[in-house]
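> Handing you this structure, nothing more for now.
The values are calculated or read from the model by the stated rules, or taken from the named source; none is laboratory data. Since the structure is predicted, the reported quantities are computational estimates derived from the model, not experimental observations. Reconstructed Cβ throughout: ideal geometry from the backbone, glycine too, with neighbour counts over all protein chains shown. The area values use the complete protein model at the heavy-atom level, side chains included, leaving out ligands, DNA and RNA. Shrake-Rupley method; radii C 1.70, N 1.55, O 1.52, S 1.80 Å.
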Amino acid sequence: MKQRFILLFFFLVIHSLLRAQDKLTVSGYVKDVANGEGIIGGSVYVKEVSSGAATNAYGFYSITLPKGNYTFVYSLVGYEKISKNVVLSTENVKLNIELKEQQLELQEVMITTKREDENVKSIEMSTNKMEMKTMQRMPALLGEVDVIRSIQFLPGVSTVGEGASGFNVRGGSIDQNLVLLDEAPVFNSSHLFGFFSVFNPDAVKDVKLIKGGIPAQYGGRISSILDVRLKEGNAKKTSVSGGIGLIFSRLAYERPFAKGRGSFIVAARRSYADVLARPFLKGELKGSQFYFYDFTAKANYRINDKNTIFLSGYLGRDVFGADFGFNWGNATTSFRWNHVFNDRLFMNTTVFYSNYDYLLDSDLRRKRPRDYFRWKSSIINYSVKPDFTYYLSPKNTLTFGGQAILYTFKPGTATAASNGQERTFGLENKNAIEGSFYVGNEQNIGSKLQLQYGLRYSLYSYMGPGESYEFQTDVPPGQRRFPVLSKTQKYADFTPIKTYGNLEPRFSAKYELTPNASLKASYNRIAQYLHLISNTTASTPLDVWSPSTNNIKPQIADQVALGYFQNFGANSNDYEASVEVYYKKLQNQIDYISGANLFLNKYLEGDLLAGDGRAYGAEFYVKKNKGALTGWVSYTLARTERQVEGINERQWFPTRFDKTHNLNVVLQYEASKRWNLSANFTYGTGTPATFPTNKYEVQGLLVPHNVDDARNNVRIPDYHRLDVSATLAGKKKPNKKREDSWVFSVYNTYNRRNPFSIFFRQSDTKEVIEVNGEKIETPKAEAVRYSVFGNFIPAVTYNFKF
């Protein structure tokens, strides 16, 4: 079957190459006239052939046509259209375009900056784009715009509750999402235990979430791709923007250099809740640290018409605690080189560095230099990734490239001091190399059918120096209480310990039923060689990342999806709607034996169990793009389950992040030229939890017990919340260059105490029970509902730009 797929793939590519001969090419860049930023996903339409192309992530486009006279139309929702007459006679044409933002009347307000008919015309499915203008109008916690919290209002995206880091997509765990910041992976995308994301809204240009139909150029995570692109910096003039809020403030500075051949942006944020609280902290809490900061920067320089380079970086840190506390953060650096070989061949090569480290410290304030305990862990990536795009014709676009990644895992190094005597201990570093290459083609067949197909091959090797462990397997997983080591073997530097290879086919199809409706289908297989080792409800800074080893196999997911897409309204594209169904099969999902020790455990792999997973559901989405009232409604009906030998009697059980129903409503109303009103409502089925079925009393103490050893046998109460906000724009004057606004918001408007978890404890009071006619006094158990927020949270933020 695989051989037939490969032969079909190369037949279609060769056929496309032969048809692309004896033609000429129009190519160039589409940019924003106000700041010189490349426009992502802009439409380049050729009237005479009723076809065209979209600009790539850098604003580049290329269209190959037979000789003749053509009318090119450049457009993007929210920008004024530009038409150009192009004559192709003897040579290729370079045509760079700058689009100007439309000045809309109140009733013409739009909340999208993509092609009007992209919902129907694009081959993409299971993909959502979030515009920064939309996020800035959505009510947010403490009034601060947040990328991660905003995407949780999209279909198929959920979280287990407030205070949970990361997000879940179509039944995937948080480690199964590849979060990219200018193509560098971010391993913890949250500040302050999940309340805020690491992305500074003043520096973000584009946000794209891919949940299915994932193209061949992406790999490494089995659930989703969150691709966040930074601004390149204003290439036309100096600009300063920022905001002052209740918990933190931010500032961004951008400007051109080298006579407009380059530009840069620097942006910084710092929370100051610790500074405001300092006068009120007494006793043991005096000197407590609870703050975060981040710094984002990017620069680009156009060497000539064929070469442009980009350099971007991020540095963020969280510190939380008094004497005992946490310290964690991300650091990324990306260098990219764009090269135009000719009018049809475009290349982007990315070299990146990513480091995520986390620290546990018993003396965060350094008050006891002779007595302390510190534990540190990290994961470091180095990578090079060349990507090529060859524009064969308006009906064919070929992509190919590869990637090499070097991983260094530092599971944990601890230093303990007692009376000045230090002792250092911990786990050995682990190393791995992952390589991949891919090829894909996007092809139009006739006027109605469009295909996107590709192959990706990934090769992974777990490398020395280090030790490998083998454990006895004669004890059934359900009866195993601790690992029994049977063999240990040492390996020298760069000696392969275990190697895995996976072929990952990708396929998408779109059939246009009418000019305003289409049917789409997709299939993708993806392998993931990294694992987040955690047995907590939600991600914490102490969770450990592990590579695939001889005992931990790579995660593999196969997903199929089918969707119906339609635009409608007075102008055909006023509303967009979609219905998608999906089924995902997952292999090698990690779980744990009872009583597993995940902290500084040399033989952790022996405590792990592996099983299968499945996720399936339907997603409904309706969005209003134009008018004074805009917004969307999304509803997801889904199920996520696992089956693991040794757990729940090997019966399927719901995962901790399974949500049957998930409803989101986002409304934005332009009340006047200065006032904008917004509201968000979210409802979700309560997540599963494991509760005891009975209890024992031992010497006056209650011991909970689960008779059937059932996993996630009860659901906590449902989650729902309403947020509202009002934005007041500053008065506009003819000579006033400054733009400003005030944002007034209320989070959790009706004081809902949503449970994050429910736990049981022994009450101080006792209860009387009757046993065989005799009344006996016994300790009483009580259930405690833990809620992160128990009241509404008002906020005010001042934003400015000049």
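> Here's a check for you: in the stretch 225-259, which residue that is assigned to a strand (DSSP E or B) and among the charged types (D, E, K, R) is farthest from Val198 (Cα to Cα)?
Arg255
> Within the stretch 13-44, work out how many residues are modelled with pLDDT under 55, buried (at least 16 other Cβ atoms within 10 Å of the Cβ) and of a type in the set (A, V, I, L, M).
Adding up the residues that qualify gives 2.
> Under 9 Å by Cβ, and 6 or more places apart or on different chains, what pairs join a residue from the stretch 62-83 that is open to solvent by 10 Å² or more (accessible area, probe 1.4 Å) and part of a loop (DSSP other than H, G, I, E, B) with one that is of a type in the set (Lys, Arg) and at pLDDT 90 or above?
Cβ pairs passing all conditions: Glu80/Lys100.
> Check Gly420 against each of (1) over 30 Å from Ile309 (Cβ atoms); (2) modelled with pLDDT of 90 or more and name the one condition it does not meet.
All conditions are met except number (2).
> Would you tally the residues in the stretch 286-326 being closer than 18 Å to Val275 by Cβ and either among the small types (Gly, Ala, Ser) or surrounded by fewer than 21 Cβ atoms within 10 Å (Cβ to Cβ) (or both)?
Going through the stretch 286-326 one residue at a time, the tally reaches 13.
> Okay, moving on. Go through the stretch 597-649 and report how many residues are in contact with a Gly (Cβ under 9 Å, 6 or more places away or on another chain), open to solvent by 60 Å² or more (accessible area, probe 1.4 Å), closer than 30 Å to Asp117 by Cα and of a type outside the set (A, V, I, L, M).
Total satisfying the criteria: 1.
> I've got another one for you. Would you mention how many residues in the stretch 332-369 are farther than 30 Å from Thr25 by Cβ and not aliphatic (A, V, I, L, M)?
17
> List every residue pair whose Cβ atoms lie under 6 Å apart, where the two residues are 6 or more positions apart in sequence or sit on different chains, the first residue falls within the stretch 392-408 and is farther than 17 Å from Leu451 by Cβ, and the second residue, located anywhere, is among the charged types (D, E, K, R).
Matching pairs, first to second residue: Gly401/Asp387; Gln403/Lys385; Ile405/Glu434.
> Of the residues Gly260, Gly194, Gly233, Gly220, which single one is in contact with a Lys or Arg (Cβ under 7 Å, 6 or more places away or on another chain) and touching a residue at least 40 places away in the same chain (Cβ under 8 Å)?
Gly233
> If I ask for residues that are assigned to a loop (DSSP other than H, G, I, E, B) and within 23 Å of Arg715 (Cα to Cα), which ones from the stretch 670-698 would you list? First the steps, then the outcome.
In the first step, residues of the stretch 670-698 are kept if they are assigned to a loop (DSSP other than H, G, I, E, B); the result is 671-674, 685-687, 690-693.
Across the stretch 670-698, the qualifying residues are Thr685, Gly686, Thr687, Thr690, Phe691, Pro692, Thr693.
> Hey, does the stretch 705-727 have a residue that's open to solvent by 60 Å² or more (accessible area, probe 1.4 Å), modelled with pLDDT under 85 and in a strand (DSSP E or B)?
Yes, there is a match, as at least one residue in the stretch 705-727 is open to solvent by 60 Å² or more (accessible area, probe 1.4 Å), modelled with pLDDT under 85 and in a strand (DSSP E or B).
> Would you check if Val743 is open to solvent by less than 20 Å² (accessible area, probe 1.4 Å) and either part of a loop (DSSP other than H, G, I, E, B) or at pLDDT 85 or above (or both)?
When the stated conditions are applied, Val743 passes them.
> I've got another one for you. If only one of Leu106, Leu76, Leu65, Leu99 is modelled with pLDDT under 90 and in contact with a Leu (Cβ under 7 Å, 6 or more places away or on another chain), which one is it?
Leu76 is the lone residue from the list that is modelled with pLDDT under 90 and in contact with a Leu (Cβ under 7 Å, 6 or more places away or on another chain).
Quick grid of which residues meet (1) surrounded by 12 or more Cβ atoms within 10 Å (Cβ to Cβ); (2) assigned by TED's automatic domain parsing to the domain that holds Tyr696; (3) on the phi > 0 side of the Ramachandran plot; (4) free of Cβ contacts under 8 Å to residues at least 60 places away in the same chain:
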| position | (1), (2), (3), (4) |
| --- | --- |
| Lys733 | no, yes, no, yes |
| Ile769 | no, no, no, yes |
| Ala781 | yes, no, no, no |
| Ala795 | yes, yes, no, no |
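> If Ser418 satisfies every condition in (1) among the small types (Gly, Ala, Ser); (2) within 22 Å of Asp543 (Cβ to Cβ); (3) open to solvent by 50 Å² or more (accessible area, probe 1.4 Å) but one, which is the exception?
(2)
> Can you spot a residue in the stretch 153-176 that is over 24 Å from Ile405 (Cβ atoms), assigned by TED's automatic domain parsing to the domain that holds Lys385, acidic (Asp, Glu) and part of a loop (DSSP other than H, G, I, E, B)?
yes
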